[in-house]
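J.: The structure's right below; bear with me while I get my questions together.
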Amino acid sequence: MGFLAKDPWNPAIRREQMIARHLVQRGLPVRFVQAPADARRLRTDPGNWWAHLHRARFQSPQVGITVTERSTVRPGLRSPAAERLDAGLLAAFLRRSGWNPELSVFMLPWEWRAARDLPGRRVFDCTDDWARLLPHARGLPDQLRRIADEADEVVVVNPVLAGLFPGRTPVVVPNGTDETLLSAPRTAERRERHAVYVGSISDRFDVGLVAALLTALPDWTLSVHGQLVFPDRAQAAREEFLQLSRRFPGRFRYEGLLTRDRLADVLDSATVGLIPDVAGIALGQSSMKTYDYCARGLPVVATAGHLEHSAETPPHVSVVRGAQEMAAAMVAAVDEPIGCAKERVEWAAERTWDRRSDAWLDATLGRRPARVTGVHTAASSS
């Protein structure tokens with residue numbers, strides 16, 4: 001199995017890494033090509049950029065999985081010319097690297113052109129509404145039509161994304177629950193009036209909403225854990241995020257990247273788990289943090305966008321619009337009935353990555369899955 005991924009391998013916490021690990025458990029070795037570093041890396045690490053421009057240099061972070069970096073000149077989303085150049089470099093990179101998996105999984109639409117001459121099955125796994133997430137990207141409608149015409153299968157994380165692929169009925173396989181969170185012992189005590197956010201932090205994180213929320217709830221604290229992934233065009237948003245620690249000293253803390261072995265304790269110490277997304281960007285998501293929060297029984301308070309459209313709404317979740325609604329939902333979560341947490345854990349336990357990986361593998365290998373919890377064809381949701 002081969003992944004042309006949209007992220008680096010580390011931190012290994014995303015959809016493609018979770019699926020890769022479960023494929024290895026099924027005896028299917030995985031090759032993993034990281035998202036490319038463009039020519040800007042020449043300023044900081046020229047040797048590594050050149051080393052990964054023409055061929056793979058695989059290393060094995062764990063048994064059954066080999067990972068390589070990749071270099072390109074310009075991101076393929078910048079223009080049709082950049083797309084053709086990047087796809088040409090990727091095709092040559094794979095050819096020189098002896099790429100010959102039974103299944104090649106693409107995750108970035110501007111890389112799909114490189115799939116044309118690959119052996120085996122060619123699948124596109126769609127995790128985002130790319131035009132909504134990256135409005136500056138060029139050529140996306142043509143890229144998505146090409147995928148719809150050429151892919152052996154299209155998998156999407158949310159039924160909302162099915163409409164991106166004209167003439168196709170994608171298989172919906174949402175994200176899932178990390179099994180280790182369900183079984184981890186409880187060793188941390190819950191703090192009163194303490195909210196937590198765990199996940200990547202980008203311009204999708206609604207800084208204005210969070211500032212208004214902390215103003216409305218002066219006796220609450222919020223800790224944010226995750227990797228900063230603001231694109232170059234959103235550095236102003238990055239600075240606004242970092243300013244929150246200075247605007248709300250002692251009440252807002254950015255803790256940086258969180259290792260998975262500490263995740264259960266961080267969630268158990270919180271009163272509520274937040275998903276403060278910019279609603280217009282979040283549509284079509286399948287938020288992994290939702291599953292993480294529910295696996296520990298944590299109340300979920302989220303802005304509108306992905307949850308109410310995903311057919312994956314957990315029990316007793318609060319979907320809110322604006323800081324006042326979010327504040328009210330957080331206060332109400334303090335006194336929710338004890339059975340609510342149990343129901344959320346049960347919901348998460350039905351949606352483990354083990355189950356998701358079975359459905360994903362069936363779909364990508366051409367065995368469209370039977371209807372099971374949270375897994376269906378897009379047509380069946382209409």
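The values are calculated or read from the model by the stated rules, or taken from the named source; none is laboratory data. What you see is a predicted model, and the numbers here were worked out from it, not measured in a lab. FYI the Cβ positions are ideal-geometry reconstructions off the backbone, even for glycines, and counts take in every protein chain you see. Quick note on the areas: whole protein, heavy atoms, side chains included, nothing else; ligands and nucleic acids left out. Shrake-Rupley method; radii C 1.70, N 1.55, O 1.52, S 1.80 Å.
J.: Can you name every residue in region 246-278 that is open to solvent by 50 Å² or more (accessible area, probe 1.4 Å) and hydrophobic (A, V, I, L, M, F, W, C)?
T.: Within region 246-278, just LEU257 meets the criteria.
J.: Still on this model: Counting just the residues of region 128-177 that are of a type in the set (S, T, N, Q) and outside any helix (DSSP H, G or I), which one comes out farthest from TRP347 (Cα to Cα)? Even if it seems obvious, please write down each step before you answer.
T.: Step one: list which residues in region 128-177 are of a type in the set (S, T, N, Q), which gives 143, 158, 169, 175, 177.
If we keep only those that are outside any helix (DSSP H, G or I) as well, we get 158, 169, 175, 177.
Working: ASN158: 17, THR169: 27, ASN175: 13, THR177: 10 Å.
Of everything passing the filter in region 128-177, THR169 is farthest from TRP347 (Cα to Cα).
J.: Take the residues in region 323-365 that are in a loop (DSSP other than H, G, I, E, B) and touching a residue at least 60 places away in the same chain (Cβ under 8 Å); name whichever of them is most open to solvent (accessible area, probe 1.4 Å). Explain how you work it out, then say what you get.
T.: Here is the first cut: in region 323-365, the ones in a loop (DSSP other than H, G, I, E, B) are 334-338, 350-351, 365.
Filter once more, so that each one left must be touching a residue at least 60 places away in the same chain (Cβ under 8 Å): 334, 351, 365.
Values: VAL334: 75, ARG351: 25, LEU365: 40 Å².
My answer is VAL334.
J.: Just to be sure before I move on: is LEU42 touching a helix residue (DSSP H, G or I) at 6+ places or on another chain (Cβ under 9 Å) and within 20 Å of SER97 (Cβ to Cβ) in the structure I sent? Working first, answer last.
T.: On the way: touching a helix residue (DSSP H, G or I) at 6+ places or on another chain (Cβ under 9 Å): yes; within 20 Å of SER97 (Cβ to Cβ): no.
No, not satisfied.
J.: Moving on. Condition check: small (Gly, Ala, Ser) and at pLDDT below 95. Does ALA148 satisfy that? Quick ask: steps written out before the conclusion?
T.: Numbers: small (Gly, Ala, Ser): yes; at pLDDT below 95: no.
Here the answer is no, as ALA148 does not meet what is asked.
J.: Also, quick follow-up: Between LEU298, LEU263, which is part of a loop (DSSP other than H, G, I, E, B), closer than 23 Å to VAL345 by Cα and among the aliphatic types (A, V, I, L, M)? Spell out the reasoning first.
T.: On the way: LEU263 fails: part of a loop (DSSP other than H, G, I, E, B).
Just one listed residue meets the conditions, LEU298.
J.: Among the residues of region 198-205, is any modelled with pLDDT under 95, open to solvent by 20 Å² or more (accessible area, probe 1.4 Å), charged (D, E, K, R) and not in a loop (DSSP other than H, G, I, E, B)?
T.: no
J.: Does PRO101 satisfy the condition of being crowded, with 17+ Cβ neighbours inside 10 Å, out of contact with any helix residue (DSSP H, G or I) (no Cβ under 9 Å at 6 or more places or on another chain) and assigned to a loop (DSSP other than H, G, I, E, B)?
T.: On the way: crowded, with 17+ Cβ neighbours inside 10 Å: yes; out of contact with any helix residue (DSSP H, G or I) (no Cβ under 9 Å at 6 or more places or on another chain): yes; assigned to a loop (DSSP other than H, G, I, E, B): yes.
Spelling it out, PRO101 is indeed crowded, with 17+ Cβ neighbours inside 10 Å, out of contact with any helix residue (DSSP H, G or I) (no Cβ under 9 Å at 6 or more places or on another chain) and assigned to a loop (DSSP other than H, G, I, E, B).
J.: Next up: Identify the residue in region 15-41 that is basic (Lys, Arg) and open to solvent by 30 Å² or more (accessible area, probe 1.4 Å) and, among all such residues, is modelled with the highest pLDDT.
T.: Taking region 15-41 as the starting set, the residues that turn out to be basic (Lys, Arg) are 15, 21, 26, 31, 40-41.
Next cut, open to solvent by 30 Å² or more (accessible area, probe 1.4 Å) only: 21, 26, 31, 40-41.
Values: ARG21: 95, ARG26: 94, ARG31: 98, ARG40: 89, ARG41: 90.
The extreme case among them is ARG31.
J.: Give me the residue from region 54-86 that is among the charged types (D, E, K, R) and open to solvent by less than 30 Å² (accessible area, probe 1.4 Å) and, out of that set, nearest to the chain's Cα centre (by Cα).
T.: Keep residues of region 54-86 that are among the charged types (D, E, K, R), which gives 55, 57, 69-70, 74, 78, 83-84, 86.
Next, only the ones that are open to solvent by less than 30 Å² (accessible area, probe 1.4 Å) stay: 70, 83, 86.
Working: ARG70: 20, GLU83: 23, ASP86: 23 Å.
Looking at residues that are among the charged types (D, E, K, R) and open to solvent by less than 30 Å² (accessible area, probe 1.4 Å), I get ARG70.
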